[in-house]
Every structure is written in C-alpha cells, then in structure tokens.
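Just below is one structure, and these are the notes that go with it.
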Amino acid sequence: MRPGDGKRQQTGRYERCLSLAHDLCVTGSAKHGCLRCPPGIGAVHTQRQPMNIETLWADIQHRLCVDYAQAFSQRDVAALRDIYCPNSVVTLHQLGRSKSGRAGKGKTIAIDTGNLLTALLRWRIPATLAVKAMFRRLEQQGYDHSEINLLAIADLSAVGGPPRARANCSFERFRGDGESYEKGFALYNLAKIDGAWRITEIWTYDDLNAAPPGLHLDKLTRPRTAGG
C-alpha cells in the first residue's frame, strides 16, 4: 500500500493499516507507524534505490531455506523466535489446510514476539508458547525435518522504512524414516531489522496453481541466476 491508498483507521495518535498486505504501510509522519509494525517500520523515510535482485535472492534464500528450515528441524524455539520480527505481532494466515500441526482447515494465528506482558495486553499468544505448542504437535506426527525451496521474491523497500521483501516458497515435511508426509506453500513478508531478515507475516496455502488471488504471486520474480 502506498501513501493515500487503501483504508486506514485512526487509533489514538497512530493510524492502523487495514490492508491485508501492509508491507508498504506509511503514515505521513516519521513518528507514527502502523500498529502491526515494530517501531520504525511504518515510518516515512527517504526513498531508497531498489536492492540488487541477485543479492536479495541469496540473502532471503539463506534466511528461509537454511536458517528457518534448520530452526524448525532442530525444534529450536529461540532460533525460530529470532527469525520472527521482534516486539511485534506476527500473523500466520493459513488459507488452506492447517500447517501448524493441527488437523483440518487452517485458521489465522497472531503471535506476539514481545514479552509476556505485552502479549497479554494485546490479547495475543506469546510467541514462545505458540512455537512450543506447534513443535509438540509436529512431534506427535513423527516430524523429523523440513526442506524449504525459494520460488520467487519481490523487493518491497522502494518506499520508507527498512529494507523489505516478499518471498514465495514451497516446503516439505519429513518423518524420521525419510517419508514425506506434508507439502505446502508459504508466502512471507520480511523486513531487515538489526542487520538480519526477519519474518513479519506469513500466508500458507495448498496449491501453487490455485493460490488465493489476494496473494498477488504474479508480482513476484526470480533472477536469471536462480534458474527455473
């Protein structure tokens, strides 16, 4: 969403972006940011040049396909929390079947990566508790490890805030005997904070050829060096 686009709701001295994808939320003042973003992300800054697509691809690929997959595979709560945007609400939109270890249709889950007090004040699930519960459910399914493959990306950092990106990935989960038991796709919004790419929002879905139109996958690309 660019300045002046979409709907906004005034909340105190903040404006909250009501768009599904608030990845380019700006409010017209460097002091006031989107309530769904940590300090500074929703603020207006000078425009920056687009990032080199090959460099962006390499950075995001390592962050998601190596760091994120490894955190899942090792059931490392601290490492997974470190990949989520700090001191904010990270929302997981499960648009098809549940991908959080539950059976049946997925639902939207909002987890708070701040401290326990802020989570309670926001009526959100503390990130540590949410991640531990998910790992317990996955272990009950015989989960051993995950593989993630980066499919396409977009540079969202042309307007305001820190560098931002969107990444579309496929993922596969395996049991200890090597059996693949679950496949799916995930679209990630990321922001570069304190020198590291961190996830700010996730959408999971079941079929790449029948992805929900609101995800705008046609806006993503992949560098020629990535092949495919």
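The values are calculated or read from the model by the stated rules, or taken from the named source; none is laboratory data. From a predicted model like this one, the values you see are computed outputs, not experimental measurements. As a convention, Cβ positions derive from the backbone with ideal geometry for all residues, glycine included, and neighbour counts pool all protein chains shown.
For Gly184, indicate whether it is closer than 30 Å to Glu139 by Cα and assigned to a strand (DSSP E or B).
Values: closer than 30 Å to Glu139 by Cα: yes; assigned to a strand (DSSP E or B): yes.
Here the answer is yes, as Gly184 does meet what is asked.
Which ones in the stretch 189-210 are aromatic (Phe, Trp, Tyr) and more than 19 Å from Val89 (Cβ to Cβ)?
Step one: of the stretch 189-210, the residues aromatic (Phe, Trp, Tyr) are 197, 203, 205.
The one that is aromatic (Phe, Trp, Tyr) and more than 19 Å from Val89 (Cβ to Cβ): Tyr205.
Do you know which residues across the stretch 201-228 are within 16 Å of the chain's Cα centre (by Cα) and assigned to a loop (DSSP other than H, G, I, E, B)? Matches in the stretch 201-228: His216, Leu220. Within the stretch 186-201, not a single residue is surrounded by 15 or more Cβ atoms within 10 Å (Cβ to Cβ), of a type in the set (Val, Ile, Thr), under 19 Å from Ser146 (Cα atoms) and modelled with pLDDT under 95.
Taking the condition at pLDDT 95 or above, in contact with a helix residue (DSSP H, G or I) (Cβ under 7 Å, 6 or more places away or on another chain) and within 17 Å of Leu150 (Cβ to Cβ), does Ala167 pass? First the steps, then the outcome.
Numbers: at pLDDT 95 or above: yes; in contact with a helix residue (DSSP H, G or I) (Cβ under 7 Å, 6 or more places away or on another chain): yes; within 17 Å of Leu150 (Cβ to Cβ): yes.
When the stated conditions are applied, Ala167 passes them.
For (1) in contact (Cβ under 8 Å) with a residue 60 or more places away in the chain; (2) touching a Pro at 6+ places or on another chain (Cβ under 7 Å); (3) among the acidic types (Asp, Glu); (4) under 15 Å from Ala69 (Cα atoms), each residue gets a yes or a no:
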position: Arg166; (1), (2), (3), (4): yes, no, no, no
position: Arg173; (1), (2), (3), (4): no, no, no, yes
position: Asp177; (1), (2), (3), (4): no, no, yes, no
position: Phe185; (1), (2), (3), (4): no, no, no, yes
position: Tyr188; (1), (2), (3), (4): yes, no, no, yes
position: Trp203; (1), (2), (3), (4): yes, no, no, no
position: Asp206; (1), (2), (3), (4): yes, no, yes, no
position: Asn209; (1), (2), (3), (4): no, no, no, no
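Suppose we filter the stretch 105-124 for residues that are part of a strand (DSSP E or B) and farther than 20 Å from Asp82 by Cα; how many remain? Walk me through it before giving the result.
So the first thing to find is which residues in the stretch 105-124 are part of a strand (DSSP E or B), and the list is 105, 109-112.
Cutting the leftovers down to farther than 20 Å from Asp82 by Cα gives us 105.
The number of residues fulfilling the criteria is 1.
Scanning the stretch 105-119 for residues that are closer than 24 Å to Gln94 by Cβ, of a type in the set (A, V, I, L, M) and without any contact (Cβ under 8 Å) to a residue 24 or more places away in the chain, we see that the one that is surrounded by the most Cβ atoms within 10 Å (Cβ to Cβ) is Ala119.
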